[in-house]
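**Student:** One structure follows; several queries about it will come next.
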Amino acid sequence: MSTTYLEFLRAELVPGLMEGLWTSIAVIVPSAALGVLIGLFAGVLRVYGPRPVRQFTEAYVSLFRGTPLVVQVFFWYFALPYISIGGHSIVLDAIPASILAFGLCSGAYQSEYIRGGLLSIKRGQIRAALALGMTTRQAVQSVVLPQAFRRALPGCGNELIYLIKYSSLASIITVNELTGTATTIAKNTWRNIEVFCTLGVYYLVLVTLATWLLHLLEDSLSVPGFERHKS
Amino acid sequence: MDFSLAYTATREALPYMLGGVIWTVGLICGAMLLGLALGVPLAVLHVYGPWPARRAVSIYVWLFRGIPILVQMYIFYFGLLAWLSTLPLLSGLGLDSPFVAAVLVLGLTSSAYQSQIFRGAIQSLPAGQLKAARAMGMTDAQAIRSIILPQALRLSIPAWSNEYSILLKDSALAFTIGVVEIMARMRAIASTTHEPVSMTFLAGIIFFALTWVGVKALSLLENRVRIAGYTRQGAA
Amino acid sequence: MAAENQTPPVLEARALGKTLGGNRVLDAVSLALPKGCVKVLIGPSGAGKSTLLQCLNFLIPPDSGSILLEGREVNARSRRELCSLRQQVGMIFQDFNLFDHLSAMENVRVALMKVKGMSKLDAGELALAELSRVGLLDKAALYPANLSGGQKQRVAIARALAMDPKVMLLDEPTSALDPELIGEVLAVIRDLAQNGMTMIIATHQISFSASLADEFLFMEKGRVIESGSPAELLRRDSGSRTLAFCAKISELSGEAGEAGLAAGLGESVRAGVSVGAAGLGAESPV
């Protein structure tokens, strides 16, 4: 070891990981948005949808929750190009493939929390809103959704945290995000412990920051009866 | 896509892929046991320990829940364990084996999660349980061992089945450090046969089946140790 | 009586029928609520009281029959007519159904804004006025999780009253309350009756309702099998099903024996009033 850890950190590790960090964020943010969107749709459909739609979304959720994310990532990147319909096949670049994989998988988990939030609302709540003369839409807008959102928020937030961590899987399909960059640096320098532990710190910071932000959001929406369960 | 080709490839790949199940199951069993062995004392410390111990457990949990499994695999396999196994005292202990690294990573992470499960279960027990045990002259250690834990462990079984399915899916990451479990074999075969589609489906089905079997087994366990009328009170 | 013939009843149900899971829960029930009258539904649980009340504002759509609001039949298929009916018919539920994510004041305010289109300011002002009417002005900012059962039910009443309903349906308003909290809710209901609110109440509070009801309707197996003034039905020698039923639940709740009930209607009226007053005085702090 020719240079000290601090010099190594300053000269190579931080600049390299910084670049990786931006790529990580470029993967995480769209995946998260996609996941929330899919989760919202699937969650609502699983509760209120007609029977065939309900069954379809249930199947989607159990498929994506029942298999490892890495298998799914592998599928979208390596296997999808092999599926040709009428001579056409879809080839995704590594980053879009990761976003699709993360978004679809995350959506399946998110839908669980949305569904739970919707189901946790007592039937009397809607009934009371209707009895006051509200239309179903008004009842859903001003009574069901605000409550369901608060109930689902901790779970959905947790899922976002998972997404941050599992975005590291993008490195497996050649995306040079945090983990990918770190692997490259480790290979070139043979300073494995330093590189990977520093990488761990990066994720810890990201995860802790996100947790803190989510708690802020939860607390700002908190009303008695819907408090955050301290853990 | 030629289906008959895919079928032949799948049939030929099946025995090899199923061979990976042993490794996957080994990983999960090792990790769950390690997680249990560490998770229970961690939870007890977290609830009943003095504040430095509680703080230490919090930090432990924060660390293992905050760092991605994949990164931990790299830290342990390429970093810590590789270095440890060069020390004269520890060489020849097999610390440089990818399987050991994977079990350690999955087990330590699981212990962090399991400690949270047990902590929730312990805290959901009525305070009167500990009081009643003390009133009968038990020491705290006796009370925790013979009154609190048997109840808390029962209450934890449903959460366990969730933990199992998470571990199962995370175990697929062990391929990155060279454990020849299902995912590793799927990747190898997919590239030699050029049938990645059927191979991913095959791997998916195997994982799906393993999830199902494990969840079923745990619900059987739950029924076996069930005491009539004993369920968790309220939503904890 | 003469006036009743000229102006149609505020709310009228004609031959309501409802079958749920093969059970005839309502069997051609008809009833009319003339302005200012208070009717009380009694009967064993499962008799169809709650279903009847919820059919009156189509929360449960009846299979047959019709509802008339001030003499005009309500077309249940028109969403607008349905919403307008429900605005004019206030409903109180057994388990309050306050909106859990809104404060007491917001609970009263939300429908004023959404349904009546009032401004936030006006609606808020009216909400506070209604809350003070039920004695809860000081709890306006509290959320349902921090209110006692009795307070929740009073907020629910304020919420219904704010819509300025022509008639109120009360579905066992005190059944989910601890005994010591019943009085405060009964006092509010009595106050409503004395101010001429048209009401139909399903309840097990016999002596209380006997003191303010114009008519008792005894329901069993989806039908109104007896009706009449409380004095008539509860007379010792009436031999009515109502009397037998009331005697039974009075005995269970330790209210008064059969003889006491039959003989001393006046007494039970006073008892009801004093319960109400005591309840108000003993309002529990949160």
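**Student:** Does segment C:83-91 contain any residue that is in contact (Cβ under 8 Å) with a residue 24 or more places away in the chain, of a type in the set (A, V, I, L, M) and more than 18 Å from A:Arg137 (Cβ to Cβ)?
**Tutor:** Taking segment C:83-91 first, the residues in contact (Cβ under 8 Å) with a residue 24 or more places away in the chain are C:83, C:85-91.
Remaining after also requiring of a type in the set (A, V, I, L, M): C:85, C:89, C:91.
When the remaining residues are screened for being more than 18 Å from A:Arg137 (Cβ to Cβ), the result is C:89, C:91.
Checked against the condition, which is being in contact (Cβ under 8 Å) with a residue 24 or more places away in the chain, of a type in the set (A, V, I, L, M) and more than 18 Å from A:Arg137 (Cβ to Cβ), segment C:83-91 yields at least one hit.
**Student:** Next question. Quick one: which of B:Ile205, B:Ile189 is at pLDDT below 90 and more than 8 Å from chain A (Cβ to nearest Cβ)?
**Tutor:** Numbers: B:Ile205 fails: at pLDDT below 90.
After ruling out the rest, the residue left standing is B:Ile189.
**Student:** Please go through segment A:178-218 and give me each residue that is touching a residue at least 12 places away in the same chain (Cβ under 8 Å) and more than 11 Å from chain B (Cβ to nearest Cβ), ordered by number. Break it down stepwise before answering.
**Tutor:** Here is the first cut: in segment A:178-218, the residues touching a residue at least 12 places away in the same chain (Cβ under 8 Å) are A:178-185, A:189, A:191, A:194-196, A:198-199, A:202-203, A:206-207, A:210-211, A:214-215, A:217-218.
Within segment A:178-218, A:Thr181, A:Thr184, A:Ile185, A:Thr189, A:Leu214, A:His215, A:Leu217, A:Glu218 meet the criteria.
**Student:** From (1) buried (at least 18 other Cβ atoms within 10 Å of the Cβ); (2) under 30 Å from A:Ala79 (Cβ atoms), pick out the condition that doesn't hold for B:Ile117.
**Tutor:** The failed condition is (2).
**Student:** Regarding A:Arg127, is this residue under 30 Å from C:Leu161 (Cα atoms), over 17 Å from the mean Cα position of the chain (by Cα), part of a helix (DSSP H, G or I) and more than 8 Å from every other protein chain (Cβ to nearest Cβ)? Before you say what the answer is, go through the steps one by one.
**Tutor:** Working: under 30 Å from C:Leu161 (Cα atoms): yes; over 17 Å from the mean Cα position of the chain (by Cα): yes; part of a helix (DSSP H, G or I): yes; more than 8 Å from every other protein chain (Cβ to nearest Cβ): no.
No.
**Student:** Separate question: One residue is enough: does segment B:50-59 have a residue meeting the conditions part of a loop (DSSP other than H, G, I, E, B), over 23 Å from A:Val205 (Cα atoms) and either out of contact with any Lys or Arg (no Cβ under 9 Å at 6 or more places or on another chain) or among the aliphatic types (A, V, I, L, M) (or both)?
**Tutor:** Filtering segment B:50-59 down to residues part of a loop (DSSP other than H, G, I, E, B) leaves B:50.
Right, trim to over 23 Å from A:Val205 (Cα atoms) and you get B:50.
Imposing the further condition that a residue be either out of contact with any Lys or Arg (no Cβ under 9 Å at 6 or more places or on another chain) or among the aliphatic types (A, V, I, L, M) (or both) reduces the set to B:50.
Among the residues of segment B:50-59, at least one is part of a loop (DSSP other than H, G, I, E, B), over 23 Å from A:Val205 (Cα atoms) and either out of contact with any Lys or Arg (no Cβ under 9 Å at 6 or more places or on another chain) or among the aliphatic types (A, V, I, L, M) (or both), which makes the answer yes.
**Student:** Separate question: Within the group A:Ala32, A:Ala42, which residue is in a helix (DSSP H, G or I) and modelled with pLDDT under 95? Write out each step before concluding.
**Tutor:** Numbers: A:Ala32 fails: modelled with pLDDT under 95.
Result: A:Ala42 is the single residue among A:Ala32, A:Ala42 that is in a helix (DSSP H, G or I) and modelled with pLDDT under 95.
**Student:** Quick check on segment A:149-165. Is at least one of its residues buried (at least 22 other Cβ atoms within 10 Å of the Cβ) and within 14 Å of chain C (Cβ to nearest Cβ)?
**Tutor:** Yes, segment A:149-165 contains a residue that is buried (at least 22 other Cβ atoms within 10 Å of the Cβ) and within 14 Å of chain C (Cβ to nearest Cβ).
**Student:** For segment A:177-203, what are the residues that are under 23 Å from the mean Cα position of the chain (by Cα) and surrounded by fewer than 18 Cβ atoms within 10 Å (Cβ to Cβ)?
**Tutor:** Listed by number, the list holds a single entry, A:Val201.
**Student:** Give me the residue from segment C:191-208 that is buried (at least 23 other Cβ atoms within 10 Å of the Cβ) and farther than 16 Å from C:Ile157 by Cβ and, out of that set, farthest from the chain's Cα centre (by Cα).
**Tutor:** Ranking the candidates gives C:Ser207 first.
Residue-by-condition table, conditions (1) touching a residue at least 40 places away in the same chain (Cβ under 8 Å); (2) within 26 Å of A:Leu209 (Cα to Cα):
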position	(1), (2)
B:Thr10	yes, no
B:Met17	yes, no
B:Val61	yes, yes
B:Gly66	no, yes
B:Leu70	yes, yes
B:Leu84	no, no
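**Student:** Related question: Residues of segment B:60-72 being within 11 Å of another protein chain (Cβ to nearest Cβ), under 16 Å from A:Cys197 (Cα atoms), part of a helix (DSSP H, G or I) and out of contact with any Asp or Glu (no Cβ under 7 Å at 6 or more places or on another chain), which ones? Please lay out each step first, then the result.
**Tutor:** To start, the set of residues in segment B:60-72 that are within 11 Å of another protein chain (Cβ to nearest Cβ) comprises B:61-72.
From what's left, under 16 Å from A:Cys197 (Cα atoms): B:62-72.
If we keep only those that are part of a helix (DSSP H, G or I) too, we end up with B:62-66, B:69-72.
Listed by number, the residues that qualify are B:Trp62, B:Leu63, B:Phe64, B:Arg65, B:Gly66, B:Leu70, B:Val71, B:Gln72.
**Student:** Let me ask something else about it. Identify, please: which residue in segment A:62-90 is more than 7 Å from chain B (Cβ to nearest Cβ) and β-branched (Val, Ile, Thr) and is, among those, surrounded by the fewest Cβ atoms within 10 Å (Cβ to Cβ)?
**Tutor:** Restricting attention to segment A:62-90, the residues satisfying the condition of being more than 7 Å from chain B (Cβ to nearest Cβ) are A:62-65, A:72-73, A:76-77, A:80-81, A:85-90.
Then drop every residue that is not β-branched (Val, Ile, Thr), which leaves A:73, A:85, A:90.
Values: A:Val73: 23, A:Ile85: 8, A:Ile90: 11.
Only one residue fits best here, namely A:Ile85.
**Student:** Please count how many residues of segment C:12-27 are at pLDDT below 90 and on the phi > 0 side of the Ramachandran plot.
**Tutor:** 2
**Student:** Being under 30 Å from B:Ala203 (Cβ atoms) and within 11 Å of another protein chain (Cβ to nearest Cβ), is that true of even one residue in segment B:37-50?
**Tutor:** Looking through segment B:37-50, none of the residues is under 30 Å from B:Ala203 (Cβ atoms) and within 11 Å of another protein chain (Cβ to nearest Cβ).
**Student:** Between A:Gly155, A:Gly124, which is free of Cβ contacts under 8 Å to residues at least 60 places away in the same chain and either among the hydrophobic types (A, V, I, L, M, F, W, C) or under 30 Å from A:Thr67 (Cβ atoms) (or both)? Walk me through how you get there before you give the answer.
**Tutor:** On the way: A:Gly124 fails: either among the hydrophobic types (A, V, I, L, M, F, W, C) or under 30 Å from A:Thr67 (Cβ atoms) (or both).
Selected residue: A:Gly155, the only one of A:Gly155, A:Gly124 that is free of Cβ contacts under 8 Å to residues at least 60 places away in the same chain and either among the hydrophobic types (A, V, I, L, M, F, W, C) or under 30 Å from A:Thr67 (Cβ atoms) (or both).
The values are calculated or read from the model by the stated rules, or taken from the named source; none is laboratory data. This is a predicted model, so every value here is computed, not measured. Every residue, glycine among them, receives a Cβ derived from its backbone with ideal geometry; neighbour counts consider all protein chains shown.
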